[in-house]
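The structure under discussion appears below in the form of structure tokens.
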Protein chains: 2
Amino acid sequence: MKKNPKPSSKRNENRACAEHHHDPKPSIERAARILKDAGLKSTKPRSALLEAMTRFHAPFSTEELFRAVKASDLDLVTVYRSLATFSDLGIVSRVDLGDGVVRYELRSPDGSHHHHFVCQECQKVEPLDSCEIKAQENRLRELGYSQLSHRLEFFGICPDCREHSRADARTR
Amino acid sequence: MKKNPKPSSKRNENRACAEHHHDPKPSIERAARILKDAGLKSTKPRSALLEAMTRFHAPFSTEELFRAVKASDLDLVTVYRSLATFSDLGIVSRVDLGDGVVRYELRSPDGSHHHHFVCQECQKVEPLDSCEIKAQENRLRELGYSQLSHRLEFFGICPDCREHSRADARTR
DNA sequence: AGAATATTGCAAACTGTTTGCAATGACATC
DNA sequence: GATGTCATTGCAAACAGTTTGCAATATTCT
């Protein structure tokens, strides 16, 4: 799988969505409770991973998370296993951006659900609020389909990149 | 990556979408023209692959396509390379169902675009007509986002499976 | 038919992910 | 606070899917 330019986290100020720079603590506490309730242990590696995850403001890959906790010196295998566990417990959810890379995202305590906009130039990923797909789901429901869920991602060029390429064109 | 039950092609009669049991020929002819226009060659392996693709009525994986042409005795590598070429030329498009398996689908000559419903019980995949996401896209466009596209898949339990599980419950 | 070049097959490399197993660490109980 | 139990970790190795290098082959054009 090809490596793309750069995940660029600068300027991740979500123009397409209301801000949610959530406080790390609730997420971590929630996770701890969930682990405990499931009879699982709260270990140093897991805490380090949870802490690191709160520092991401966009979906991250296993590899990225691994690099983010490198100081704590865990094995990559542990990251894989922890993410699998967290995912099963609903602490994180898988985000599929269609480039073949598996990414995750810390789920917000209220269980709300959102989609993303991915800039195909700078690779920035922004959360979007709401999804007006209910109509489509309702239609399927009327046809007898049940337990519906969906997965949606938008792609395109973000306003920043559009502006930059204009500037480039002028000075070229 | 775990293997799921069975791709089940039986009963793929698209209740959620108008039928389109397209005639194979136009697709193959279109592909031949596109290849030629791109200065590429029309070879026996490519023809075999194109022919095999028309027999699928749901997105297929590289592996599945490989098995479907096994008689023609091509190398799996050729299937990978051909699909990459076809995808670049717009002869097929990648379909992402979120289970980590890369799938493709022969694009219809009119370039129309659709999404899918995936039954999480029998794994059946059905095309859906239309997508009412234009509103969301328009909103992004007003915010300065451009060259928008999206990717959407629905998941759930199809009417058949729902019916079967009811029957199961009664006789159990 | 012949030249130019795209395409194929085969083997081997790679990447991302998973598994087996022994050593370690967390938590509850005494 | 020591002890027993069981989840968790690290390491090495296996694996699956996909990609690459290269020589042999096939296609297309003249």
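Throughout, read-outs are computed from the coordinates displayed, never taken from laboratory work. On a predicted model such as this, the values are computed, not experimentally measured, just so you know. Reconstructed Cβ throughout: ideal geometry from the backbone, glycine too, with neighbour counts over all protein chains shown.
For the segment A:109-117, counting C-beta atoms of other chains within 10 Å of every residue's C-beta and taking the mean gives 1. Distances between equivalent label points of residue B:43 across the copies, with each point positioned 7 Å along Cα→Cβ, amount to 4.9 nm, shortest listed first.
Per residue of A:132-144, other chain Cβ atoms within 10 Å of the residue Cβ number 4 on average.
Considering only A:143, A:118, A:171, and ranking their Cα positions along the charge dipole of the stretch A:113-172 that arises from unit charges at the beta-carbon of Lys, Arg, Asp and Glu, the one farthest toward the positive end is A:171.
Per DSSP helix of 4 or more residues, -39500 (n - 2.57); summed, then divided by the residues of the protein assembly as shown. What does that give at 222 nm, rounded to the nearest 500? The helix contribution divided over the protein assembly as shown gives -12000 deg cm²/dmol. Volume per residue of the convex hull around the Cα atoms, evaluated for the stretch A:80-128, comes out as 82 Å³. Using only side-chain charges placed at the Cβ, +1 for Lys and Arg and -1 for Asp and Glu, the dipole size of chain A relative to its Cα centre rounds to 400 debye.
Sketch the reach of a paramagnetic label on residue B:147 as a point 7 Å from Cα along Cα-to-Cβ, and name the residues of the stretch A:79-122 whose backbone nitrogen lies under 12 Å away. Flagged as within label range: A:119-122. Distances between every pair of Cα atoms in the protein assembly as shown, grouped in 20 Å steps from 0 to the bin holding the largest one, split as 25, 55, 20, 0 percent. Computed about its Cα centre, the charge dipole of the protein assembly as shown is approximately 700 debye, with only Lys, Arg, Asp and Glu carrying charge at their Cβ. Along the stretch B:133-144 the Karplus relation, 6.51 cos²θ - 1.76 cosθ + 1.60 evaluated at θ = phi - 60°, assigns HN-Hα couplings of 9, 3, 4, 4, 4, 4, 5, 4, 4, 5, 7, x Hz to successive residues, with x for each Gly and Pro. Among residues other than residue B:52 with Cβ under 12 Å from its Cβ, the summed charge is +2 (Lys and Arg +1, Asp and Glu -1).
Let's see if you can work this out: charge +1 on each Lys and Arg Cβ, -1 on each Asp and Glu Cβ, no other charges. What is the dipole magnitude of the stretch B:21-110 about its Cα centre, in debye to the nearest 20?
Once rounded to the nearest 20, the dipole reads 320 debye.
For the Cα trace of chain A, dividing Rg by the Kirkwood Rh returns an Rg/Rh value of 1.01.
Residue B:75 to residue B:51: FRET efficiency via 1/(1 + (r/R0)^6), r the Cβ-Cβ distance, R0 25 Å, to the nearest 0.05? Write down the numbers at each step before the final one.
On the way: r = 17 Å, r/R0 = 0.70.
Given R0 = 25 Å and the Cβ-Cβ separation, E is 0.90.
P(r) for the stretch A:47-109, from all Cα pairs and a bin width of 5 Å, is 4, 19, 33, 28, 13, 3, 0 %, short bins first.
With the convex hull of its Cα atoms as the shape, the stretch A:90-172 has an orientation-averaged projected area of 7.7 nm². For the peptide B:119-127, the mean number of other protein chain Cβ atoms found within 10 angstrom of a residue's Cβ is 1.
When the charge dipole of the stretch B:21-110 is built from unit charges on Cβ atoms (+1 for Lys and Arg, -1 for Asp and Glu) and taken about the Cα centre, the candidate among B:108, B:87, B:74 whose Cα reaches farthest toward its positive end is B:74. The mean sequence separation of alpha-carbon pairs under 8 Å and at least six residues apart, normalised by the residue count of chain A, gives a relative contact order of 24 percent.
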